[in-house]
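*Asks:* Just passing along the structure, written as structure tokens.
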Amino acid sequence: MRSLPSPRWRRRTTATLALVAVSGALAAGTAQAADYERLINGTFSSGTADPWWAGTGVTNRLTNGELCAAVPGGTANPWDALIGQNGVPFEAGQSYTMKFDARATTPQPITANLGEGVSPYRGIASHTVQLTTTKQTFSFTFTSELDFPDAGNGQATFQLGGQAAANTVCVDNVSLVGGVKPPGGDPAVPAKKVNVDQVGYVPGLPKQATLTTDATAAQTWVLKNSGGTTVATGQTTPKGLDADSGDRTHLIDFSSYDTVGTGYTLTVGTETSFPFDIGTDQVKKLRYDSLAYFYHNRSGIEIEAQYVGDEYARPAGHLNVAPNKGDDAVPCLTGLDCGYTLDVRGGWYDAGDHGKYVVNGGISAWQVLNTYERAKLIGDAAALGDGKLRIPESANGVPDILDEARWEVEFLLKMQAPDGMVHHKIHDVNWTGLPLLPHQDPQARRLSATSTAATLNTAAVAAQAARIWKTIDPAFSAKAQAAAVRAYAAAKANPAKIADPNDGTGGGAYSDPDVTDEFYWAAVELFTTTGEASYRADVTSSAHFKGASLNNRGFDWGATGPLGDITLALVPNGLPAADVAAIKAKFVSVADGHLSQMAAQGYPAPYRPTEGYDWGSNGLVTNNISVLALAHDFTGAAKYREGVFQGLHYLLGRNPLSYSYVTGYGEQAVRNVHHRHWANQLDPTLPIAPPGALSGGPNSALQDPIAARLLQGCKPQKCFVDHIEAYSVNEVTVNWNSAFAWVANWAAEKVTTAPPVDTTPPSRPGAPTASEITSTGFKLAWTPSSDAESGVREYQVVSVEGDALRVLATTTTPSATLTNLRQDTAYTLYVTAKNGAGLSSQSTQVVVRTQPGSIPPGACKVKWQATTWNGGMSANITITNTGTQAWTSWKLEFTLPGTQKITQGWSANWSQSGQAATATNMPWNGNVGGGGTAGIGFNSSGGGSGEPTDFRVNGQSCTKG
């Protein structure tokens, strides 16, 4: 299958900040500068202006290979009209030469400025030249007195303002040469020399790691448990130079050690790996975290804290609530003249942006559905049943994985036009910046034209859905099948309606010039669901039949033929047994090729591109892992199962950059994925991505300004940086996570626990002693436990509260600081030590009382707002500190009316005894200053209404209002 151009070349959306005019030191530097080019795309030969930006009022365009800026007239100062580039590196004391060609429609002066792009805008150099209508070449040399790293705050600009009339200024061959540090400089996160799967290894399977060293002789490796005790040793196997990484590597094989535990490390000489586990718990957990990605990225629904936690909760996006324009009545792009609007609410946001794309949503929905369909036919469907995911539809009698997939399937059906064709995508009319939560997006939304590829994607997924929901929801099954039949007929009537490759403003183009594979895939799904002869004929006559499109590179949204092959190989369909056997044999053959390649690699990954690593290489790696998994399904051969876990090891840390490419998994997991609301790197009040999101990974083409600046000359497996604006290497998408969820669920089915298990609990921790006691907390310390086998994994501080036990703190050290406790309260506590095998021992109990505390009488006010209905109530409560003394914690008490029983609460720890209700603060809202408020609430069931009359905070009666 072909390698498509990147669908997501997008403009970096970074603020354009002015530089004040300065006079730099235009003299030769005292140190010898290397010939390192410091500007990106100065010749504009890439066909785009990126990463050059235009300031307010200025418009950039490429004209005959030049960057031409339309400059408004009437600006007062030269710096009132700018074009420039951010992230330019400078080294103090080093010499630089800037050179450029420039001309203007009307002669005028312009100034080249080098310096700091953020406050206080310190300058490095400034040089003014006079332009004429004829292109001239200018150059000047200077010494920098400031240091800015690659992708830091250094900036190069051209000041074009201060002119009465509008003008056009064109520049070309813009170059800045100098400095002695190579592009990228020292990596922000140096790689380890001993690289392991940072999540863990499965008992009974091969356990291998990679050593990077120039040594040609075997080296001694040492495996230690979490307590630092050596549990195994051995010799490395030299492998030599690894082409994909450029490293000289050795193989470390510690497969013979199978004791379950946590916190193991591998050491060679002075080099030690990140810690890792031996066990199955993390693999089993990963199956659900990888699927949780999709609820987080739902469009058109509130993402609720009860399912994702307060950190990730957010309002619904694109429901026509200001500033959103909404997805409820979306017209087509200007010029298409559709004559209708569509209600396309719902679906999954595609990637780091707020677009929704049918061709990427198609493969994503299909893989989530196939995860279930495969498990139901030959795997463990019970693990994917109702109640397994944290989503609103849980407990509705339908497997949660199907509820999640249906959110996207319903969206695909909504994208169908009146003529049966399907719109290619829907997104903002312009690119939006980072960070931006979906409900804050102010851009208008538009439908792109219908396309054959989108229509066939919908036909395929709708036919698959009809098959799966046939007995679960017959009405929805019939609706999906009718849409699939109609879409396929429309596609056959419009077999070459290709998405516009230039439709890339506000969203990715996702253009695919060859849709024969989509025709094959859709025909397979319709034939498998309906059994009709016409679809069968289209399947068997296709050039893609019997695995013909399955290849070494892998499959993705633009290469969907293998999806049809997977269906034919798994789902009973009426084809001759020989044809099905031929399809399975092709999977086995390609899997054998992957295993051969992996055996020769220093960092094994089943992926064999023709040239360099592609955009989304981790997605291709993951889909190729699924080929190995299916080969195991079809043959039962252990080598393919082992290959699956070897591929996962690469994604989870056994790679030359020492990254786990899965958020939340591993000691050095990626943090700064390209996403508009998982944007902690740009806004510390926003979260990083939740656990289970797969980063796109290395991309040799370096198709964004950050990657281009930091990674020039990188080897394929090293073309990666964990930066939110490095979208060509660190984006997350629904189709990469659907592939990862498929593999994670397969792996969770196949894990085993080997016999050697630590059966001895750790030694008993010492009795805890308290210090620094206040009214809201204290510090505990105790004599540590020991465990010679699997090591001490953690300690828990447990509070005995009547017949209940509550964990107050979990720590890996023999001390803990407890906060947000109740004042003047006796706590009965003990410490539990747990080892790597999950065994525990308990200290003796101690009693610690917090100091008395008080707030002035009458220093609180409670506002009660409740909605009641027959059988229930929903209440929102606002607590106000009306005094001047700040609360460091609070406890609200009141009597519930009638027979109401709290069923769900938010923003507080809720408890109830009889009709007495108690709410205590969460860790994040305990501090309430004078005049401050805390908002909490609950839902309840039962009879009775009316506002309570006995509100008390920290024992003091409160006024109401």
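No value in this document is a laboratory result; all are computed from the given coordinates. Note that this is a predicted model, so its numbers are computed, not measured. Quick reminder, even Gly has a Cβ in these numbers, built from the backbone with ideal geometry, and neighbours come from all protein chains shown.
*Asks:* Which value, in debye to the nearest 20, gives the size of the charge dipole of the chain about its Cα centre, when Lys and Arg are +1 and Asp and Glu are -1 at the Cβ?
*Replies:* Working: 69 positive and 82 negative charges, 134 e Å.
For the chain, the charge dipole is close to 640 debye.
*Asks:* Using a/c under 1.5 as the rounded threshold, could you call segment 396-506 rounded, prolate or oblate? The axes a ≥ b ≥ c are square roots of the C-alpha gyration tensor eigenvalues, and prolate needs a/b larger than b/c, oblate otherwise. If you can, show how the numbers build up before the last one.
*Replies:* Details: a/c = 2.97, a/b = 1.27, b/c = 2.34.
Oblate shape, in that a/c is at least 1.5 and b/c is the bigger or equal ratio.
*Asks:* Can you tell which of Pro762, Gly355, Ala76 lies farthest toward the positive end of the dipole of the chain, using +1 and -1 charges on the Cβ of basic and acidic side chains (Lys, Arg; Asp, Glu)?
*Replies:* Checked the options; the winner is Pro762.
*Asks:* How would you order 819-831, 81-93 from highest to lowest mean count of nearby Cβ atoms within 10 Å?
*Replies:* Details: 819-831: 17.9, 81-93: 23.5.
Highest-to-lowest ranking by the protection proxy: 81-93, 819-831.
*Asks:* Do any GluC sites (Glu not before Pro) in segment 765-825 lie in a loop, going by DSSP, with at most 10 other beta-carbon atoms within 10 Å of their beta carbon, and if so which? It would help to have the intermediate numbers written out before the result.
*Replies:* Values: sites: Glu772, Glu789, Glu794, Glu801; in loops: Glu772, Glu789.
When the GluC sites (Glu not before Pro) of segment 765-825 are filtered for loop state and at most 10 Cβ neighbours within 10 Å, Glu772 remain.
*Asks:* How large is Rg over Rh for segment 606-762, taking Rg from the Cα atoms and Rh as the Kirkwood inverse mean of 1/r across Cα pairs? Mind showing how you got there, number by number?
*Replies:* Numbers: Rg = 16.9 Å, Rh = 16.5 Å.
Expressed as Rg/Rh, it is 1.02.
*Asks:* Can you pull the three principal axis extents for the Cα set of segment 100-223, in Å, largest first?
*Replies:* Reported extents, whole Å, longest axis first: 77, 31, 29.
*Asks:* For segment 817-843, list residues with backbone N below 18 Å from a point placed 7 Å from the Cα of Ile773 toward its Cβ?
*Replies:* What the label zone holds, given the 18 Å backbone N cut-off, is 817-831.
*Asks:* Using only Cα atoms, what Kirkwood radius does segment 289-352 have, in angstroms? Mind dumping the intermediate values first?
*Replies:* Working: mean 1/r = 0.0755 Å⁻¹.
One over the average 1/r among Cα pairs gives 13.2 Å for segment 289-352.
*Asks:* In Å, the Kirkwood hydrodynamic radius of segment 194-280 over pairs of distinct alpha carbons?
*Replies:* Working: mean 1/r = 0.0767 Å⁻¹.
Computed over segment 194-280, the radius equals 13.0 Å.
*Asks:* Ratio of Rg to Rh for segment 860-960, alpha carbon only, Kirkwood?
*Replies:* Details: Rg = 13.0 Å, Rh = 13.6 Å.
My calculation of the ratio gives 0.96.
*Asks:* Could you work out how much longer the chain between Arg390 and Thr825 gets when fully extended? Use 0.36 nm per residue separation minus the Cα distance between them, nm to one decimal.
*Replies:* Working: separation 435, 0.36 × 435 = 156.60 nm, distance 3.51 nm.
Separation in residues times 0.36 nm, less the Cα-Cα distance, equals 153.1 nm.
*Asks:* Between Asp500 and Thr168, how high is the FRET efficiency from 1/(1 + (r/R0)^6) when r is the Cβ-Cβ distance and R₀ = 41 Å? Nearest 0.05. Please report the intermediate quantities before stating the final value.
*Replies:* Working: r = 28 Å, r/R0 = 0.68.
So the FRET efficiency works out to roughly 0.90.
*Asks:* Distances longer than 16 Å among the Cα atoms of segment 915-961: what percent of all pairs is that? Walk me through the intermediate numbers first.
*Replies:* Numbers: 568 of 1081 pairs.
Cα-Cα pairs in segment 915-961 separated by more than 16 Å: 53 percent.
*Asks:* Determine which lysines satisfy two conditions relative to Lys224: a Cα distance under 19 Å, and not lying fewer than 8 residues away in the same chain.
*Replies:* Lys192, Lys193, Lys207, Lys834
*Asks:* To continue, here is another question. Taking 26 Å as the cut-off for C-alpha to C-alpha distance, list the pairs among Lys470/Lys639; Lys779/Lys861; Lys376/Lys479; Lys239/Lys285; Lys325/Lys414 that go past it. Before the final figure, lay out the partial values.
*Replies:* Numbers: Lys470/Lys639 37 Å; Lys779/Lys861 32 Å; Lys376/Lys479 23 Å; Lys239/Lys285 34 Å; Lys325/Lys414 18 Å.
Distance filter (> 26 Å) returns Lys470/Lys639; Lys779/Lys861; Lys239/Lys285.
*Asks:* How high is the FRET efficiency from Ser256 to Asn77, r the C-beta distance, R0 60 Å, rounded to 0.05?
*Replies:* Details: r = 73 Å, r/R0 = 1.21.
So, using R0 = 60 Å, E works out to roughly 0.25.
*Asks:* Within segment 547-581, which residues have the backbone N less than 14 Å from the label spot 7 Å out from Ile378 along Cα→beta-carbon, could you tell me?
*Replies:* What the label zone holds, given the 14 Å backbone N cut-off, is 565-573, 580-581.
*Asks:* Here's something else I'd like to know. Taking the dipole about the Cα centre of the chain, with the C-beta of Lys and Arg at +1 and of Asp and Glu at -1, give me whichever of Ala322, Gly636, Leu114 is farthest to the positive side.
*Replies:* In the chain, that residue is Ala322.
*Asks:* Oh, and also: Within 10 Å, count the other beta carbons around each residue, average over each peptide in 642-653, 422-433, 917-928, 212-223, and list them highest first. List each step's numbers first, then the result.
*Replies:* Working: 642-653: 25.2, 422-433: 21.5, 917-928: 17.8, 212-223: 14.8.
The densest-packed peptide leads the list: 642-653, 422-433, 917-928, 212-223.
*Asks:* Under 25 °C and 0.890 mPa s, how fast does segment 273-384 diffuse according to Stokes-Einstein, given a Kirkwood radius computed over C-alpha pairs? Answer in µm²/s, whole number. The partial results should precede the final answer.
*Replies:* Numbers: Rh = 17.1 Å.
Once the numbers are plugged in, D ends up at 144 µm²/s.
*Asks:* Another question, then. What net charge do the residues around Tyr257 carry, taking every other residue with its C-beta under 13 Å from that of Tyr257, with Lys and Arg at +1 and Asp and Glu at -1?
*Replies:* Values: positive: Lys207, Lys224; negative: Asp253, Asp258, Asp277, Asp758, Glu789.
Taking every other residue near Tyr257 into account, the sum is -3.
*Asks:* For segment 769-849, what is the convex hull volume of its Cα atoms per residue in Å³?
*Replies:* Numbers: hull volume 6.8 nm³, N = 81.
Convex hull of Cα atoms, per residue: 84 Å³.
*Asks:* Further, regarding this structure: Give the relative contact order (percent, whole number) for the chain; include only Cα pairs under 8 Å separated by 6+ residues.
*Replies:* Values: 2438 pairs, mean separation 98.4, N = 961.
Dividing the mean separation by the residue count of the chain yields 10 percent.
*Asks:* Moving to a separate point now. Test of understanding: express the Cα radius of gyration of the chain as a ratio to 2.2 N^0.38 Å, with N the residue count.
*Replies:* 1.03
*Asks:* Per 10 Å bin, what is the whole-percent P(r) computed from every C-alpha pair distance within segment 361-409?
*Replies:* The distribution over segment 361-409 is 30, 55, 16, given as percents.
*Asks:* How big is segment 322-380 by Rg and Dmax over its Cα atoms, in Å?
*Replies:* According to the Cα coordinates of segment 322-380, Rg and Dmax are 16.3, 50 Å.
*Asks:* If we count every other residue with Cβ under 15 angstrom of Asp343's Cβ, Lys/Arg +1 and Asp/Glu -1, where does the sum land? Provide the component values of the computation, followed by the final result.
*Replies:* Details: positive: Lys325, Arg345, Lys356, Lys414, Arg445, Arg446; negative: Asp327, Asp328, Glu410.
My count for the surroundings of Asp343 gives +3.
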